[in-house]
Structure formats: structure tokens, C-alpha cells
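The values are calculated or read from the model by the stated rules, or taken from the named source; none is laboratory data. Small disclaimer: the values here were computed from a predicted structure and weren't measured. Because the Cβ atoms are built from the backbone with ideal geometry, glycine has one as well, and the counts that use them run over all protein chains shown.
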Amino acid sequence: MNNKKDESNLTKMHIVDTAIDLFRQRGYYNVSVTDICKASKISRSTFYYYFKSKDEIFDSFLLKPELIIFDKLPSILINSSSYIEQFYQIFETFLKEMMETGPEIFGQVLKRNIDNGDLKILVPYQITMWDIYINLIKKAQEAGEINNPNPPEEIVEAITYITVGISVIWCNKNGSFDLIAKNRQILEALLLVKDELKAKLN
């Protein structure tokens, strides 16, 4: 049973990888389901077994950045000098992975999630990651690293909305500015980060 499940997951991720490569090469709107099937060497029925539509591919694609975060998490937590730096390092790891796909693909991922009413696109889906973000903000408050007194849950949600907005602008401007730096600048203002920590984080 596990072997069949593993094989199914491999097939699904093969389709995802192939589709993303095609999107990068030709542009999202210039790639059809038929193109994906041909490049993946699968039938249309196999494609629709895993995905209802072309844009649903992005849901599975998001699993990869999440896995990268979990792989880097122990190192970030050990080596970062403050709670707020840990937060930034984890959050920006996911953001950087999405940026590497390019403005068009990143923009399509954002569009799909906005259309679905899900603005937590930049917070990995696993509930454990959401809890980690909240816990780090809470510890940063308790340690006096940030002076925003609002509940950590509300702060993390606000960060998500702000970052989605900045990311949409970055995609629309074809990646013409430093998204990481601009996002950090705005989040520092939101969080009311202590001046001495701003110097370390920039």
C-alpha cells in the first residue's frame, strides 16, 4: 500500500515539476494541459486524476518551499541571535523560494490563493509553522525585541496580508525592486523593532 502511495506521490510531483518548468520557459498562459501531459508523458486522464485544472498545480507546488523550511529550521533556530531574527529567517526563506520561480509564476500562485480567499499563502500550510511564527513573535515581545503590543496571532496575520500586498506589487513590476529588503523595512515599522536590532537585521 505504501509503495503505491509513494509511486502516486512521485507521479504527482513529476507533473508539478514538469508544469513549472514549462511555465518558466513559455509563460503560464502559453502552456496548456495537453502540453503538460505531453512533456510529462502521461495521459489527460492521469492529469485529471491528480488535478482538476492547470492552476491547481500550484497547490502542490507550495509543498516544496515548506519542506525546505523544515529542513533549515533547526539551523535557523540555533544560529539566529534573537527571536525576531529567527522569525525573519524562517519567513524570508519561504519568500525567497517563491521569488526564485519568477514574477509570473509567483504572481499566479498569489492570484490563485487570493481568488480562493486564502491570504495565508506566505505562511506554510502546516499548523505547526503557524504556531512557530506566533510563538516567535510572542517571545520577541516578551524579550523586548519588538514593541507592538497586539496579540501575536493578529500580528502574524497582519504580516501575511502586508507581505502578500508587497509581493503582488513586486510581481506586477516584474521583480524590479528588492522584495526582501522592502518587506523587511515595512515589517520593522509594523513590529516596532528595537533600533539596535534593526542594524543587525539589515
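Observations, loosely collected:
- When residues of the stretch 164-184 are limited to those that are more than 13 Å from Gly107 (Cα to Cα) and polar (S, T, N, Q), the one surrounded by the fewest Cβ atoms within 10 Å (Cβ to Cβ): Ser176
- Within the span defined as the stretch 87-98, one or more residues are among the charged types (D, E, K, R) and under 19 Å from Phe23 (Cα atoms).
- Ile146 modelled with pLDDT of 95 or more and in contact with a Lys or Arg (Cβ under 8 Å, 6 or more places away or on another chain): yes
- Of all residue pairs spaced 6 or more apart or on separate chains, those with beta-carbon atoms under 6 Å, a first member in the stretch 8-32 that is within 17 Å of Glu97 (Cβ to Cβ) and a second member that is among the small types (Gly, Ala, Ser) and assigned to a helix (DSSP H, G or I) are Val16/Ser60.
- Subset of the stretch 1-60 that is outside any helix (DSSP H, G or I) and surrounded by fewer than 15 Cβ atoms within 10 Å (Cβ to Cβ) - its residue that is modelled with the lowest pLDDT: Met1
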